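The values are calculated or read from the model by the stated rules, or taken from the named source; none is laboratory data. In this text the structure is predicted, and so the values were computed from the model without any measurement. Cβ: placed from backbone, ideal geometry, glycine included. Neighbour counts: every protein chain shown.
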Amino acid sequence: MESNVNQSTIWLDKSQSSLQAASVLFRIGHYGDSISRSYYAVFYSMRALFSQDKINAYKPTTMLAALGKYYVTSGKMEPCYHKSIFQIFDLRFQTEYECLSIADIDNSKFALETAFTIVNEIKGLLYNEVGETEKEEAIITT
C-alpha cells in the first residue's frame with residue numbers, strides 16, 4: 001500500500017485536474033459541469049488532507065463532519081472555509097439533482113472561486129506538514 005503522503009499527492013493531483021477542468025468548462029459556458037468539477041476539486045483536496053492525517057471519511061456528509069471535528073474545532077481551519085465547503089456541496093447537489101437548475105454564470109463563478117480558495121487552504125494545511133508551499137490564484141474571466 002502506498003504511503004499516506006503519496007496518496008495525498010495523488011488526491012491533490014486529481015483536485016488540480018478538476019480545478020483546471022472547471023475553469024475550462026466555465027469559460028465555454030458549461031456552468032453546471034463547472035460547478036460539478038469545482039465540487040470534485042474540493043472533494044479530492046479533502047481526501048488528500050484526510051489521507052495525510054489517516055482520517056477515514058469517504059462520503060460527503062462524513063467528510064464535512066470530520067473536517068469540522070478535526071480541523072475547524074481544533075483551530076487548524078477557519079470556520080468560514082467549512083461554511084464555504086457546505087455551500088459548494090449544496091450548490092452541486094442542487095445543480096445535479098433538483099428539477100430547477102441553478103447552474104448560471106454567477107453560481108458557477110462562485111463555485112469555481114470558492115474551490116480555488118478551499119484547495120489553496122487545504123494545500124496550506126498539507127504543506128505545513130510536509131514543508132512545501134505552492135498555491136494557485138483563481139483568475140476568473142467572463
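Quick check on Ile35: is it crowded, with 17+ Cβ neighbours inside 10 Å, touching a helix residue (DSSP H, G or I) at 6+ places or on another chain (Cβ under 8 Å) and outside any helix (DSSP H, G or I)?
Numbers: crowded, with 17+ Cβ neighbours inside 10 Å: yes; touching a helix residue (DSSP H, G or I) at 6+ places or on another chain (Cβ under 8 Å): yes; outside any helix (DSSP H, G or I): no.
In short, no.
Screening the candidates Lys109, Lys59 for the property of being under 15 Å from the mean Cα position of the chain (by Cα) and either at pLDDT 95 or above or of a type in the set (Ser, Thr, Tyr) (or both) yields one hit, Lys109.
Considering only the stretch 48-56, I want to know if a residue exists there that is over 19 Å from Ser17 (Cβ atoms), aromatic (Phe, Trp, Tyr) and assigned to a helix (DSSP H, G or I).
First, pick out the residues of the stretch 48-56 that are over 19 Å from Ser17 (Cβ atoms): 53-56.
Still in the list and also aromatic (Phe, Trp, Tyr): none.
Among the residues of the stretch 48-56, not one is over 19 Å from Ser17 (Cβ atoms), aromatic (Phe, Trp, Tyr) and assigned to a helix (DSSP H, G or I), which makes the answer no.
You will find that of Phe93, Phe43, the residue that is part of a helix (DSSP H, G or I), modelled with pLDDT under 95 and aromatic (Phe, Trp, Tyr) is Phe93 and no other. For Ser74, the conditions (1) among the small types (Gly, Ala, Ser); (2) part of a helix (DSSP H, G or I); (3) loosely packed, with under 14 Cβ neighbours inside 10 Å all hold with the exception of (2). Taken as a whole, the condition of being under 26 Å from Gln7 (Cα atoms), out of contact with any Asp or Glu (no Cβ under 8 Å at 6 or more places or on another chain) and not in a helix (DSSP H, G or I) does not apply to Asn128.
If you take the residues of the stretch 12-32 that are among the hydroxyl-bearing types (Ser, Thr, Tyr) and closer than 13 Å to Phe116 by Cα, which of them is surrounded by the fewest Cβ atoms within 10 Å (Cβ to Cβ)? Looking at residues that are among the hydroxyl-bearing types (Ser, Thr, Tyr) and closer than 13 Å to Phe116 by Cα, I get Ser17. Pairs are defined by a Cβ separation below 7 Å, a sequence spacing of at least 6 or placement on different chains, a first member in the stretch 85-103 that is crowded, with 21+ Cβ neighbours inside 10 Å, and a second member that is at pLDDT below 95 and outside any helix (DSSP H, G or I); the pairs so defined are Thr95/Ser101; Thr95/Ile102; Thr95/Ala103.
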